[in-house]
Amino acid sequence: MKDYHVHYYLDACAAKDMTFPNIEKRCLELGIDEISVLKHYSHSLPNGKEDWVCWHRIKENGWRKYLEEYASYIPERIKIHSGVETELVNEKGDINIPLSEQNKIDMCALSVHYMIDLDCLKMDFLLYPNLDFCPEFKNEVGYRQREEWREKVNSAGAEKMITGLANGYINAIQRFSKVKTLSHMYDGLTPLRTYLCDVDSLGESKCIELLEPLMKTAAEYGVLWELYGDRVVFERVLVRANELGVKFCATADGHMLYEGWGPLTHHNRTEDLIDRLKLNRGEVGFSR
């Protein structure tokens with residue numbers, strides 16, 4: 001089994017025992033024989049500051065420490081690749097790590113942690129839509145800003161937003177060879193739902209049609225569609241992607257070894273999802 005999305009103790013979101021020796025030992029117990037251990041890398045954040053909601057701008061000393069510790073660790077029984085989890089930034093396909101730093105690692109796992117800048121809608125909503133993540137704005141001001149954002153989303157329209165998000169992924173895949181996996185994908189629409197876009201009103205068939213260009217690009221470039229074991233709203237999106245040649249990879253989005261939030265144990269739950277939907281598993285091609 002493969003898992004290309006395992007977090008490292010140097011990030012605040014990961015447990016302090018998520019070290020290379022401990023990760024390797026736990027993966028062996030679970031039957032995982034190839035992994036990527038990722039460092040969060042955000043060159044900038046939506047608010048232009050060092051911290052935004054749950055995310056933090058990369059600190060040079062932590063980045064260097066990660067690279068040094070990866071270089072000095074020799075795995076005994078599994079393959080371990082270096083990488084980052086970074087963000088898709090806009091519809092042009094910019095990603096949140098400079099090319100010079102991409103060249104120091106094996107792969108980028110590309111995530112959408114906040115809404116990207118779309119041609120049809122600029123990302124100018126600096127609160128997280130779930131205001132529980134921004135408790136200082138869980139008040140009249142925060143609710144008003146969220147409703148103003150919802151109006152902009154409704155004006156842009158779900159079709160244009162799905163097309164814009166798909167274009168962003170496509171352009172990033174074509175521009176950056178270190179993009180090997182698309183993280184937290186589910187049915188590809190979760191970031192839009194999070195940012196109050198009513199994609200579900202379009203229906204499953206229309207959403208599939210709008211996402212097919214992304215599916216074809218991921219298949220052509222061998223970029224894996226990552227799944228986590230939670231419920232997928234439109235499962236036929238995954239079935240169609242599979243038909244078009246997309247390969248899938250399972251992850252626990254591992255932040256902890258045994259229990260708590262994102263334990264490596266949850267990897268097998270995602271393997272079960274892939275089996276149930278009869279999806280084709282893939283491996284990252286590290287020569288691209």
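Odds and ends about this structure:
- Percentage relative contact order, the chain, counting C-alpha pairs under 8 Å, at least six apart: 19 percent
- Once the Cα gyration tensor of the stretch 1-157 is diagonalised, semi-axes √(5λ) in Å: 34, 17, 15
- Cβ-to-Cβ counts within 10 Å put Phe248, Phe20 in ascending order as Phe20, Phe248, the fewest first.
- Stokes-Einstein diffusion of the chain at 37 °C, 0.692 mPa s viscosity, Kirkwood radius from Cα pairs, rounded to a whole number: 169 µm²/s.
- Shape analysis of the stretch 14-84 based on the Cα gyration tensor places the equivalent ellipsoid semi-axes at 27, 13, 10 Å, largest first.
- If both residues of a DSSP beta bridge must be in the chain, then about 10% of such bridges are antiparallel.
- Note on Lys39: aspartates and glutamates with a C-alpha under 14 Å away, same-chain residues under 8 apart excluded, are Asp11, Glu60, Glu68, Glu69, Glu85, Glu87, Glu101, Asp106, Asp253.
- Members of Lys49/Lys79; Lys59/Lys247; Lys25/Lys247; Lys122/Lys278 lying beyond 29 Å, as alpha-carbon distances in this model show: Lys49/Lys79; Lys59/Lys247; Lys122/Lys278
- About its Cα centre, the chain has a charge dipole of approximately 420 debye under the convention of +1 per Lys or Arg Cβ and -1 per Asp or Glu Cβ, with nothing else charged.
- Acute angle (nearest 10 degrees) that the helix 158-175 long axis makes with the longest principal axis of the chain, alpha-carbon atoms: 30 degrees
- J(HN,Hα) series, the stretch 33-45, from Karplus relation 6.51 cos²θ - 1.76 cosθ + 1.60, nearest Hz, glycine and proline x: 10, 8, 9, 10, 9, 9, 9, 4, 9, 10, 5, 8, 10
- Compactness relative to 2.2 N^0.38 Å, alpha carbon Rg of the stretch 161-272: 1.07
Readers should treat all values here as calculations from the given coordinates under stated rules, not as data from a laboratory. Because the structure is a prediction, the values reported are computed rather than measured. Positions of Cβ are generated from backbone atoms using ideal geometry, with glycine treated the same way; all protein chains shown enter the neighbour counts.
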